[in-house]
Structure formats: C-alpha cells, structure tokens
Amino acid sequence: MKAEISRVLLEQIMALAAAEPGEVCGLLLGQGARIDAILPAANVAPDPAHHFELAPATLLAAHRAARRGGPAVLGHYHSHPSGVPIPSETDRACATPDGTLWLIVAGPVARLWVAGPDEDRGVGFVEALLDIR
C-alpha cells in the first residue's frame with residue numbers, strides 16, 4: 001500500500017512530536033490513500049510518556065464530520081519519543097485489524113503502517129510507502 005501526504009503536514013506532525021516530552025497523537029484525514037489534513041488530539045492516556053489514547057471527543061467529532069461529508073478518518077499519528085518508529089507491543093494490543101493507517105514518529109523519522117489481521121497475534125502491521133508530495 002502507498003499513501004500520500006504533503007511535506008507541510010508531515011512537518012507539522014514532526015514539530016508537534018518534537019515539542020512534547022510524551023507521546024503526541026492525532027488523526028489523519030483525507031480520501032482514499034491521500035492524507036489531506038491532520039487533527040491533533042489530546043493524549044488522555046494515564047501514562048502519556050509511554051502510551052497514547054486519543055481524546056474521545058476529538059475522535060467522535062471527526063467521525064461525525066466525515067458522515068456529514070467531511071474528510072474520512074484514515075487513521076492516526078502518534079510519536080514514540082524514546083523509541084523507534086515501529087509499532088510497539090502496546091500499539092499491537094490496542095490496534096484493530098481494520099486497515100487503518102498508523103503514522104509513527106520517532107525523532108527525525110516517520111514511518112507509515114497499516115493495521116491488519118495476523119493469524120498468530122490477532123493484529124499485524126505492514127509497512128506502507130509514504131509518498132511525500
């Protein structure tokens with residue numbers, strides 16, 4: 001799979017991640033495999049230094065807007081401030097194998113993943129090509 005994102009949006013996500021000591025998170029919005037916008041969300045996880053949980057109100061509002069004709073919720077982004085940009089065991093435990101995009105940022109690197117079924121573990125991640133335009 002391949003998804004497109006503008007350099008400006010990717011730079012915004014990277015700046016948000018660099019500005020916070022804990023994990024930042026937000027939604028990826030767009031159409032098909034094109035990410036046209038981001039919607040930053042509060043990280044309401046009990047331990048935001050090691051986990052992320054999107055603010056439910058932000059997630060619900062984005063899905064309501066999509067149903068009214070706004071951009072679709074393609075997935076989300078989050079950071080791994082002291083790790084690498086690959087899905088962690090915590091990410092795997094919290095993911096649903098529904099084809100959503102997971103953009104993970106660690107330091108100056110961002111990688112895109114798609115959550116899907118994995119026979120052995122329930123949820124698996126496949127790396128996707130991130131086409132920066």
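The values are calculated or read from the model by the stated rules, or taken from the named source; none is laboratory data. Computed from a predicted model, the values in this text were never measured in an experiment. Methodologically, a virtual Cβ is constructed for each residue, glycine included, from the backbone with ideal geometry; neighbour enumeration extends over all protein chains shown. These area figures cover heavy atoms from the full protein model, side chains too; ligands, DNA and RNA do not enter into them. Shrake-Rupley method; radii C 1.70, N 1.55, O 1.52, S 1.80 Å.
Structure notes:
- Percent carbon-and-sulfur accessible area, segment 1-100, ignoring ligands, DNA and RNA, probe 1.4 Å: 58 percent
- Between segment 12-46 and segment 61-133, the alpha-carbon center distance in angstrom: 11 Å
- Calculated log₁₀ intensity ratio I(q)/I(0) where the Debye formula runs over C-alpha points of the chain, q = 0.09, 0.13, 0.16 Å⁻¹: -0.23, -0.49, -0.77
- Helix-only CD estimate at 222 nm, as mean residue ellipticity for the chain, using -39500 (n - 2.57) per DSSP H run (n ≥ 4): -6500 deg cm²/dmol
- Which of Arg111, Arg7, Arg34, Arg68 is most accessible, then next, and so on - probe 1.4 Å: Arg68, Arg7, Arg34, Arg111
- For segment 1-109, accessible area per residue (1.4 Å probe, heavy atoms of protein chains only), Å²: 51 Å²
- Remark: the Ala72-Leu59 segment gains 3.5 nm on full extension, using 0.36 nm per residue and subtracting the alpha carbon distance.
- For Ala128, the amide hydrogen comes within under 5 Å of the amide hydrogens of Leu112, Trp113, Val114, counting only partners 5 or more places away or on other chains and with H modelled in the peptide plane.
- Distance between modelled label sites at Val109 and Ala19, nm, 7 Å Cα→Cβ extension: 2.5 nm
- Relative contact order of segment 5-104: 28 percent, from C-alpha pairs under 8 Å at least 6 residues apart in sequence.
- Ile35 accessible area, assembled protein chains, probe 1.4 Å, Å²: 0 Å²
- Computed with a 1.4 Å probe over protein heavy atoms only, the accessible area of Met1 comes to about 130 Å².
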